[in-house]
Every structure is written in C-alpha cells, then in structure tokens.
Amino acid sequence: MKKYTWSTHKIVQETKDAITIFFKTGSQLFSYLPGQYLNLTCTIGGEQVSRSYSFSSIPSDEFPSITVKRIADGKMSNYLLENAALTDTWDVEAPFGNFTFDRKLAPDSRIVFLAGGSGISPLFSMLKSIGQDTNPPLLLYSNKSPEEAIFWNELETMRSENRLNIYHSFTSPSHISAQLDHISGRFTPLVLRSILFSRIENLEKAHFYICGPTELMTLYHDVLLGINIAERQIHMEYFDPIVVEIPHIGNDGITREILLSYFTDQYVNDELQSYECTSLIEVDAGVSLLDAIRDYGIPVPHSCKKGTCGSCWAIKTDGQVQMVNNHALTEQEISESMVLLCQSYPLDHNVSITIHDNYTQAGKE
C-alpha cells in the first residue's frame, strides 16, 4: 500500500443517493486488482476522517473510480455526496483487500455474483474484467427499486450483449413488475435455490462472490452451504464485518513490552524533516497494539478498528502476535510480516513493530 494525492477527473450521479468519483492519478504509478479498495481521507469539521471504498473501475481504465452511496448519519458518505464536486484533490491510500477476482477461474468455472445495494461496486469491477470468451456470469442483485440500482444502464447493456445474466430483487412494496427476472420482494432461500439450479450447471464447480448488507450476505452464504457449496468456492467482502471476539487473546494478565520503530516529522529551519524514533511500549493484557501505541501519544493512522480498512498496518520484525480479525491484508502481505495493529496482541516479550514513513514499504509499488 502507498499514499497518493489524486485530483478529480469527473463526478457521475449514479442514483439519487449514489455518485461515482473518477480520479486523475497524474504521473503517479498505480496498480490494483478487481475487487480491491482504497482508503480515502477527508477533513470534515476540522477532523480527519478515513473510510474505505471499493474500486468500481478496472485496472485498465485510465481513471480509477469509486462509487459512494449515502448512508443515514454516515459522516463521510454524506460529506462526499455534498462536496465531491467541489473537491479538487484527494488523499488516497491504496490498494487494500484480498477479495479479488481470479481470472484463471473463468474459462472452466461458472461465476456467480450476489450483491445488494452499494455492494455491487467491487462486483462491477470484477464483471467488467471478465473476458467475452467465457460463459456469461450470473448476477443476483437486490435493491429497493430500479431507480436505486447502481450501474443499472451498464448492467442492462452487458445483459443485451449476452455478457451477463441478471436476476433483480426489488424490495419496495410499491414496485411491481411482470418480468420473470424481476423478483418482487426480498430474495428467499427457495427463490435463490430455484435460480441457481435452473441457471448454473455443475454448481459444484462454480465460484460465488458476495458483497452487500450483512444480513443479505448471510442469507446468500447460508443458501450456498445448504446446497453443499464448499467454503473455498465462496468469496465474501464485508463492508461492515462481523467482528470475531476471542476473549482469551491478550487476557492472560501479563503486561508485555514491545519495541516500536516509527517516524516523526519536525521542522528544522522552516524545513520539514522526518526522523526515525524507537520507543519501548508497555502493552497491558487485553489491549491491542494500536491502543497501546496511541496511549503513548504516538499518532498512528487508523479508521475502522475492525480489521477492515487496513489503515493501521505495520511490519512485525520480531516476536509473535495474534491477529484476531483480518479483512484487509492478503496472504502474501501476511507472509511479509504485515499486521493490523488494531487487531494484534503480543504473545511474547520479543515483539518488535515498525511503522514505515509515509506508510511506504521498500520494494512495493
């Protein structure tokens, strides 16, 4: 992951409550995979606020994009819906996420996307990345009404070109449709099973990508397990994940010391310079590395504190830690000793952590 300053290319109003922001990256080299996301930081009311948004673009697009849907009482989403068109530059950190589409699956496996609301964003990126030489994927997409379905026109175009099969669920009681692929009301287990059995041959070889509201994702997941789909074939991206609590982690009553290396900025003769610092930090039992470090007044970028946004990543250079929840780091990044500080607890007295300057990592783009 790396920090960038991007500018606005254009803003597209997708629905009444959703916009797509297209960015100009300038001369900054940048790459990502379909399904990954970025962290966006804005100053709102004098406070720096960071949120994660999936790319709705594909890597070959000239202008990366994210799609934002208004959330009731959502500080960032409401700010972006009202101010994005007035914003010239953006503070971005990317890419994050291990919810990615494996293009090698497409030639010999049927692909099914199960979405709800703004959960279509990473799936739309995956959809666009699928070549036309494969079987058209199946999309099951739930919204209140067609007017609230993000990317409606683009999805209908893909359907008309035989690049996609779609079944819509419209949950608004006022919406009535006679189309066979328009389901009035919520998807039910019976309806989902009927669609899957009728439209997908060799279900045991299919792969399923799920993103949307948590309750809908749980429904999709339970139905798939109920028809004997293996967990390895089910890929899920939680915007608001269920946090798995493991009470015994870090609760053995032992206070441990960790060695922390980090960078701090100071002005010297009116010039901003960065200095590497090393501190010995005490971590009480049951306290995460992030909270312990912040208790010492050391600033650490963070946002969700649920293991989702990836903002608080760091490198473990020694010792053992337990990372309780991880919805941001890939297996490769974990193998490179990256950890999420908000979800990590020291297991011995040898733990050393490095927070890199500007959150860049040598050898990574």
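The values are calculated or read from the model by the stated rules, or taken from the named source; none is laboratory data. None of the values given here were measured: they were computed from a predicted structure. Positions of Cβ are backbone-derived with ideal geometry, glycine not excepted, and every protein chain shown enters the neighbour counts. Note: areas computed on protein heavy atoms with side chains; ligands, DNA, RNA excluded. Shrake-Rupley method; radii C 1.70, N 1.55, O 1.52, S 1.80 Å.
The table below lists the values:
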{"quantity": "Most mobile listed residue (235, 302, 175) in the chain, GNM with C-alpha springs under 10 Å", "calculated": "175"}
{"quantity": "Sum of side-chain charges, residue 283 neighbourhood, beta-carbon under 14 Å (Lys, Arg +1; Asp, Glu -1)", "calculated": "-4"}
{"quantity": "Max mean-square fluctuation residue, GNM over the chain, Cα-Cα springs under 10 Å, options 275, 262, 32", "calculated": "275"}
{"quantity": "DSSP beta bridges in the chain [antiparallel fraction, %, rounded to 5]", "calculated": "65"}
{"quantity": "Residue 3 paired with residue 184, simple spin-label distance in nm, labels 7 Å along Cα-to-beta-carbon", "calculated": "5.5"}
{"quantity": "Two-decimal ratio, the range 29-159, of alpha-carbon radius of gyration to 2.2 N^0.38 Å", "calculated": "1.13"}
{"quantity": "Flagged links, alpha-carbon separation over 28 Å, of 3/128; 75/144; 24/205; 3/305; 69/305", "calculated": "24/205"}
{"quantity": "Whole-number percent relative contact order across the range 148-243, with pairs defined as alpha carbons under 8 Å at least 6 apart", "calculated": "20"}
{"quantity": "Accessible surface, the chain, averaged per residue in Å² (probe 1.4 Å)", "calculated": "49"}
{"quantity": "Those Cys residues of the chain for which no other cysteine Cβ falls under 4.7 Å", "calculated": "42, 211, 277, 312, 342"}
{"quantity": "Equivalent-ellipsoid semi-axes of the chain, from the Cα gyration tensor, Å, largest first", "calculated": "39, 25, 19"}
{"quantity": "Peptides ranked, highest mean first, by Cβ atoms within 10 Å: ranges 116-129, 335-348, 44-57", "calculated": "116-129, 335-348, 44-57"}
{"quantity": "Loop sites in the range 154-221: GluC sites (Glu not before Pro), DSSP, at most 13 other Cβ within 10 Å", "calculated": "161, 201"}
